[in-house]
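Before any comments, here is the structure.
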Ligand SMILES: C[S@@+](CC[C@H](N)C(=O)[O-])C[C@H]1O[C@@H](n2cnc3c(N)ncnc32)[C@H](O)[C@@H]1O
């Protein structure tokens, strides 16, 4: 087992500013999970342990914060493939590769461009949270035969609809979630990170 720190070091990643968004994709992409909160890190570590996560796909790299969190907190993680069409994420992909080597593969593509037939222990969905995108990402994730799907911002209406539509909220499966609040442009707002058995 690796030693976990209770703080994630993100100083090696590029720093986002308000211009680092593709207007065609929308204004999401702030990556404001409370990465410096030991309670989030502990929860994430336990998921990695309980489900023995060795491989994962991340939809939505942005600045590389969550990818770093998984690389640091998942004891068994051998490989994370992280994708994002955002030009800003190229720098994040490079920084991640420089630090973590073969444990990371970044691709500048959208989830819809992923090749079929890939299998991962976990798919983390944190791309476009609007319209049909969350539903399409769940379908892609389910085709990858994961042990679990993790999805950020399940409080947002289109994400919630997609979760329900795909039957991911099945109480028999005892879904776990983590509620957090974050500050975005001076506004505090809630967020929920969900984990679903598939
Ligand atoms: C909320 S951010 C991701 C934050 C990151 N997971 C973190 O927590 O540090 C959302 C990102 O998803 C990307 N995105 C939007 N649509 C996408 C798609 N179809 N496939 C992959 N990434 C997408 C955006 O460019 C944006 O950078």
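Bear in mind these aren't lab numbers, they're just calculated from the coordinates by the rules spelled out. Because the structure is a prediction, the values reported are computed rather than measured. Neighbour counts run over all protein chains shown; Cβ positions are idealised from the backbone, glycine included.
For beta carbons closer than 7 Å, sequence separation of 6+ or different chains, a first residue in segment 118-138 that is over 15 Å from residue 57 (Cβ atoms) and a second that is assigned to a helix (DSSP H, G or I) and away from the ligand (no atom under 12 Å from the Cβ), the qualifying pairs are 129/158; 130/158; 131/158; 134/158; 134/162; 135/162; 135/165. Scanning segment 107-135 for residues that are surrounded by 14 or more Cβ atoms within 10 Å (Cβ to Cβ), within 17 Å of the chain's Cα centre (by Cα) and away from the ligand (no atom under 11 Å from the Cβ) returns 120, 121, 122, 123, 135. Residues of segment 74-96 that are away from the ligand (no atom under 13 Å from the Cβ) and surrounded by 20 or more Cβ atoms within 10 Å (Cβ to Cβ): 74, 77. Note on segment 144-167: residues that are more than 15 Å from the ligand (Cβ to nearest atom) and part of a helix (DSSP H, G or I) total 6.
Restrict the check to segment 54-71 and report whether at least one residue is more than 17 Å from residue 125 (Cα to Cα) and assigned to a helix (DSSP H, G or I). Checked segment 54-71: no residue is more than 17 Å from residue 125 (Cα to Cα) and assigned to a helix (DSSP H, G or I). Scanning segment 73-98 for residues that are in a helix (DSSP H, G or I) and touching a helix residue (DSSP H, G or I) at 6+ places or on another chain (Cβ under 8 Å) turns up 73, 92, 96.
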